[in-house]
Amino acid sequence: MTSPAKRFDLPTVELETKPYWDAAKEGRLLLRRCASCGRAHAYPRPFCPHCWSEDVPWEQASGRARLYTYSTVFFNDLPPFNERLPYIAAVVDLEEGPRMMTGLVETEGVDLQLGMALEAVFLPLDDTLAAPFFRPALGKDTT
Amino acid sequence: MSRRVALAGVGLADNGKDHGQTPYGMLAQASRRAVAEAGLTPADIDGFGSTALGTLAPIDVAEYMGLRPRWLDSTAVGGSSWEIMAAHAADAISQGRADVILLAYGSTARSDLRNKLRTGSLDWGSRGPMQWEAPYGHSLMSKYAMAARRHMFEYGTTLEQLAEIAVSARFNAAENPQAQERTPITIDDVLSGPMIADPFQKLQCCLRSDGGAAVVLVAEDRVADLPSKPVWVLGSGESSSHVSMSQWEDFTVGPASVSGPLAFQRAGLTPADIDVCQIYDAFTSMLLITLEDLGFCGKGEAGPFVADGRLRLGGALPTNTDGGGLSACHPGQRGLFLLVEAVRQLRGESGPRQVAGAETACVSGTGGWFCSSGTMILGTR
Ligand SMILES: [Zn+2]
């Protein structure tokens, strides 16, 4: 029996981030919002990066976002990305304010424009993990 | 105590394509050349800085060279680490904590890839903040490409303008016999090349080289004994921004927007006073955005600013006069090579690529993906 090739796309789930990854597996995107200053933040920390308050309850995000920028990647020799080329790396601004790194999917035939409306879609990474990606929210522009 | 600090010796290894050397060997070769050029011996070195090589940087390489320094630095914030360490070294010498500090770097990034000692794309891990990007394959190239796309969107910067940065680098490299790539290229050559991370074609991205570089900084008391013309540290600044791209507020503004003004203010100079620039160009967008951040033009104006050939030898702002990371040498961290070329220009010893009468230089290193910046202003007086 040969050991599987090392793959580079799996997050290391930590105690402080487990709620996020558990929710992603259920198709929900979580943020944390500071009860002290009111600002939401992502990626989630056990305190507010703006005011350092430790009162930061989890909150479910709408999954609606705007495309800040992207790049279609044609070179990456790390598995499993080397088998997916080309794919789209993106940075999006969530409706709630925070920015996140992600990938774009279901873009065939879509003229990608910065600022366009997106919606979260959850894709499995392996048998136990899933991650939020985004796809164009066509005809569902919420401006 | 407050002493002025000069760059007294600089050296490069036999850089470029695979010469069969080790990174330690290249670092030591450059160091021997820099120290000899400064008219010094290993016994004169009391401070040492290096990074990105060894288990306990900078000790591994200090040990390899038989040094036991009593001032150390191993700032590890990417390619800008060298401008930042040079600033720390200048402060230490100024305050009397050391008299002679050697900074040295070596890497065999090119032959390591060929010998399968590394991958082309780098593995940043998947713990802590890296877990938020692990699933998405944001390659280094794609991060710079995303910044370029945002700049194009906000300011109308064109791919042709970005390509001119690569064409200018190659133009300058033609006058540098040590440059890795010297064959002239056109904007069409850049734009018709293979796509690496859209909108970047291959020639918008730096070379992968083997290389070593070293710089010796000394206190003003030592300058009278030097065989070469001293180049003075006039001012410096450093700054950090983000590691996660999601934590970068504005992809059109890099960390040189902080380090640059600090360095100019401390030097008592402005961008208009600068004769020659050495600005980190791992990707064309890195140089484009950094030019604006340093104040050589306004925010959003760098596209038209570079399009007239301004960065070329003979242009209004000769930049990366050795050919830069795009054409001369890019072994992983280029920061120290920027200082070497700036010193040679200010000494007036650059032969066919000499900028006539150059008395001031702006050196600016960017680390990671606009994560960190170190800017240093150098002068002949
Ligand atoms: Zn807060």
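The values are calculated or read from the model by the stated rules, or taken from the named source; none is laboratory data. Fair warning: this is a prediction, and the values are worked out from it, not measured in the lab. All Cβ positions, glycine included, derive from the backbone under ideal geometry; neighbour counts span all protein chains shown. Each accessible area value is taken on the protein alone, full model and side chains, heavy atoms only, with ligands, DNA and RNA left out. Shrake-Rupley method; radii C 1.70, N 1.55, O 1.52, S 1.80 Å.
With a cut-off of 8 Å between alpha carbons and a minimum separation of six or more residues, what is the relative contact order of segment B:258-381 in percent?
32 percent
Could you point to the residue in B:245, B:228, B:264 farthest towards the positive end of segment B:227-291's charge dipole, with +1 and -1 charges on the Cβ of Lys/Arg and Asp/Glu respectively?
B:228
If you fit an axis through the alpha-carbon atoms of helix B:81-94 and take the longest principal axis of the Cα set of chain B, what angle between them do you get, 0 to 90°, nearest 10?
Approximately 30 degrees, to the nearest ten.
How are the C-alpha pair distances of segment B:217-317 spread across 5 Å bins, as whole percents from the shortest bin up?
Pairs per bin, as whole percents: 2, 11, 18, 21, 17, 13, 9, 5, 3, 1, 0.
If you count only protein heavy atoms with a 1.4 Å probe, what accessible area per residue comes out for segment A:18-136, rounded to a whole Å²?
In whole numbers, segment A:18-136 has 44 Å² accessible per residue.
Report the residue, chosen from A:91, A:121, A:110, that carries the largest GNM mean-square fluctuation when chain A is represented by alpha-carbon nodes joined by springs under 10 Å.
Greatest mean-square fluctuation among the candidates belongs to A:110.
Rounded to the nearest 0.05, what FRET efficiency do residue B:36 and residue B:68 have when you use their Cβ-Cβ distance and R0 = 22 Å?
0.65
Where the only charges are on Cβ atoms (+1 Lys, Arg; -1 Asp, Glu), what is the dipole of segment A:18-136 about its Cα centre, to the nearest 20 debye?
360 debye
Which is farthest toward the positive dipole end of the protein assembly as shown among B:40, B:332, B:307, measuring Cα position about the Cα centre, with Cβ charges +1 (Lys, Arg) and -1 (Asp, Glu)?
Selected residue: B:40.
What's the center-to-center distance, using Cα atoms, between segment B:172-190 and segment A:67-90 in Å?
Each part's Cα centre sits 29 Å from the other's.
Can you compute the helix-only [θ] at 222 nm over chain B? Use -39500 (n - 2.57) per DSSP H run of at least 4 residues, normalise by all residues, nearest 500 deg cm²/dmol.
Here the helix-only value at 222 nm equals -9500 deg cm²/dmol.
So how far apart, in nm, are the two label points at residue B:4 and residue B:265 if each is 7 Å from Cα heading toward Cβ?
In this crude spin-label approximation the distance works out to 2.4 nm.
State the extension gain, in nm to one decimal, for the chain segment bounded by residue A:52 and residue A:36, taking 0.36 nm per residue of separation less the distance between their alpha-carbons.
Extra length available between residue A:52 and residue A:36 comes to 4.8 nm.
Between segment B:246-260 and segment A:15-32, what is the C-alpha centre distance in whole Å?
29 Å
Starting from the coordinates of the alpha-carbon atoms of chain A, obtain the Kirkwood hydrodynamic radius over all distinct pairs and give the value in Å to one decimal.
One over the average 1/r among Cα pairs gives 16.5 Å for chain A.
Treat every Asp and Glu Cβ in the protein assembly as shown as -1 and every Lys and Arg Cβ as +1, leave all other atoms uncharged, and give the resulting dipole magnitude about the Cα centre to the nearest 20 debye.
560 debye
Please work out the FRET efficiency for the pair residue A:126 and residue B:19, using the Cβ-Cβ distance as r and a Förster radius of 60 Å; give the result to the nearest 0.05.
With a Förster radius of 60 Å, E is 0.90.
Using only protein heavy atoms and a 1.4 Å probe, how much accessible area in total is buried between B and A, to the nearest 100 Å²?
3400 Å²
Once you put a point 7 Å from the Cα of residue A:60 and another 7 Å from the Cα of residue A:93, both along the Cβ direction, what distance in nm separates them?
Each label point is offset 7 Å from its Cα along the Cβ direction, giving 2.6 nm.
Could you provide, to the nearest whole Å², the per residue accessible area of chain B with probe 1.4 Å?
Ligands and nucleic acids excluded, the figure is 35 Å² per residue.
Taking the Cα atoms only, what angle lies between the long axis of helix B:256-267 and the longest principal axis of chain B, rounded to 10 degrees?
40 degrees
Using each residue's phi in segment B:238-244, evaluate 6.51 cos²θ - 1.76 cosθ + 1.60 at θ = phi - 60° and report the 3J(HN,Hα) Karplus result to the nearest Hz, with x for Gly and Pro.
These are the phi-based 3J(HN,Hα) values: 9, 6, 10, 10, 8, 10, 7 Hz.
Determine how many Å³ per residue the convex hull of the Cα atoms of chain B encloses.
Expressed per residue, the convex hull around the Cα atoms of chain B is 128 Å³.
Report D for the protein assembly as shown in µm² per second (integer): Stokes-Einstein, Kirkwood Rh on Cα pairs, 20 °C, 1.002 mPa s.
For these conditions, the coefficient is 90 µm²/s.
Taking only Cα atoms and a 10 Å spring cutoff, compute GNM fluctuations for chain B and point out the largest among B:291, B:317, B:338.
In this elastic network of chain B, the residue with the biggest mean-square fluctuation among B:291, B:317, B:338 is B:317.
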